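Take a look at the structure below.
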Amino acid sequence: REDKNGKTPFAGTSREAGLCESLRIAYRWAQHAKRVFDRIWNQKRTWRKKRAWNRCAVIQQFMGTHRLFREEIRKTRLRITRLVDKFRKWYMRFIIVQETSGSGSWLCKPERHAYTTPGTGIKLCPDFFARNADQRAMIIIHEMVHQLGWSHQRLPGVGGAWVKSQIDQRTDAITLAQVRPWRARRSPVNFGWMLMELRACSP
């Protein structure tokens, strides 16, 4: 619909095409991740599951290797499965926010890509459309993880940074997986990076 200044959400078709392209990419990544984690889970013994997990450097990097119990593997796989199910079965609503200041900006600041709040759709800020297709796909995954109920995680220690910027905090996401892997396995940022880079691992 038009905003108060008469702008339409999709000026021409470029924004619509960009959003649809990124959704297709994100869905492919989620499907591939599900195949990888299904293979890990289908190993007969817990030690074999751990070995399969540790064979993929990307999973080690963003999900960590410590505190890797059978239940942790199950939960991580379940989170991927729920993400794929959300693509397949759930209605997804996107709201295009076209301003970064004033009442029409909602919560979109100039540096914010997107956000979601409980029971509402994913709000796409102007910065979202300035990103390339892979970055947009990561942002979509990040916000979908929020919709599944998982929030931003924090690095340990006094003044530890919140790991919440999908594009700018790759290094923090890796650090989180090293020092607090059980937090990394619930982090939207870690899931976004892992799903993008997991293409390097075969199912």
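Laboratory data are not the source of any read-out in this text; all were calculated from the coordinates shown. As the structure is a computational prediction, the values presented were derived from the model and not from experiment. In this analysis, Cβ positions are derived from the backbone assuming ideal geometry, glycine residues included, and neighbour counts consider all displayed protein chains.
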Inset, instruction - Could you list which residues have their amide H under 5 Å from that of ALA161, counting only those 5 or more apart in sequence or on another chain, with H placed in the peptide plane? - result: LEU155
Inset, instruction - Return the calculated 222 nm mean residue ellipticity for the chain, to the nearest 500 deg cm²/dmol, obtained by summing -39500 (n - 2.57) across DSSP H runs with n ≥ 4 and dividing by the residue count. - result: -16000 deg cm²/dmol
Inset, instruction - Give me the distance between the Cα centres of the range 132-179 and the range 21-40, rounded to whole Å. - result: 18
Legend entry - Farthest toward positive dipole pole in the chain [+1 Lys/Arg, -1 Asp/Glu at C-beta], among LEU68, SER187, TYR27: LEU68
Inset, instruction - Could you work out the relative contact order of the range 155-203, using alpha carbon pairs under 8 angstrom and six or more residues apart, expressed as a whole percent? - result: 33
Inset, instruction - Please count, across the range 34-153, the pairs of lysine residues with Cα atoms under 29 Å apart that sit 8 or more places apart or on different chains. - result: 21
Legend entry - Amide H partners (placed H, <5 Å) of ILE95, local residues excluded: ILE122, LYS123, LEU124
Inset, instruction - Pick out the long, greasy-scoring helices in the chain: whole DSSP H runs spanning 18 Å or more along their own axis by Cα, mean Kyte-Doolittle at least -1.0. - result: 14-41, 133-147
Legend entry - Within the chain, percent of DSSP bridges classed antiparallel, to nearest 5: 60
Legend entry - Dipole in debye (nearest 20) - the chain, about Cα centre, beta carbon charges: Lys, Arg +1; Asp, Glu -1: 1400
Legend entry - Calculated P(r) of the chain - Cα pairs past 28 Å, %: 28
Inset, instruction - Select from TRP162, CYS56, GLY18 the residue farthest towards the positive end of the dipole of the chain; place +1 on Cβ of Lys and Arg, -1 on Cβ of Asp and Glu, and compute about the Cα centre. - result: CYS56
